[in-house]
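Structure record follows, encoded as structure tokens.
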Amino acid sequence: QPVCQWLPELDAKLNLTDAHCIRSITPWVSSRELNLSLVDFTPNYLCDAKAMQRIHFSSLDPSRPRFIVVMRDPVMRAFSEWSMFALAWNWDAERNFTSAMEGKLSALRRCNETLFDQPLLLETLPTEELAEYVQSCYRQGRAMMYPQLSMYAPCILHALRYFRREQFLFLRYEDLMKMSAEAIVRLVG
């Protein structure tokens, strides 16, 4: 079954496949010409188990993609996201950061109390169960999941079920902000 998330009416009408995911964004190149860089500045895709599966299964060679994961201090990342959604954009009615975090953490605990209390068990889960945990408890990596998207480990653990460790470059946001533009280009170029 395809893992691309096309609109059901388009999928049924056009019979789109996983390979169409990549081909549709690069319709005029041959597979030998494909040199594509896609960027997302949030942890959302990393924490969307289905996105990791789609990237893996739609790749002509799953050993080729490279991922740069910029990780910020978890509390600072959560605060930054909350302040953007609650204070700047008014998407979150909760104006108190502590209350917002308490509510989100309570929801995470209710989602799976065992894994909340014993996170080391995540490593022992079969891939499908880990994917289900990330997909449901991290709500597909959706925005406004402040503590979940700031807890990188389950998302990274899941991504490493599809891609080798060597395909990832993990950078601390705080270190990246201290680097010159030239140094960043050398690092990722």
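Some values worked out for this structure:
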| item | result |
| --- | --- |
| Region 65-81, residues that are within 13 Å of residue 143 (Cβ to Cβ) and either in a strand (DSSP E or B) or not charged (D, E, K, R) (or both) | 78, 80 |
| Test: residue in region 95-118 that is surrounded by 12 or more Cβ atoms within 10 Å (Cβ to Cβ), in contact (Cβ under 8 Å) with a residue 40 or more places away in the chain, within 28 Å of residue 63 (Cα to Cα) and not basic (Lys, Arg) | no |
| Matching residues in region 106-135 - criterion: being more than 25 Å from residue 79 (Cβ to Cβ) and small (Gly, Ala, Ser) | 131 |
| Enumeration of residues in region 82-119 that are part of a helix (DSSP H, G or I) and among the charged types (D, E, K, R) | 102, 104, 109, 110, 113, 117 |
| Qualifying residue in region 170-185 (condition: part of a helix (DSSP H, G or I), surrounded by 14 or more Cβ atoms within 10 Å (Cβ to Cβ) and in contact with an Asp or Glu (Cβ under 7 Å, 6 or more places away or on another chain)) | no |
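Since every read-out is calculated from the coordinates, none of them should be taken as a lab result. In this text, all values refer to a predicted model and were calculated from it rather than measured experimentally. In this analysis, Cβ positions are derived from the backbone assuming ideal geometry, glycine residues included, and neighbour counts consider all displayed protein chains.
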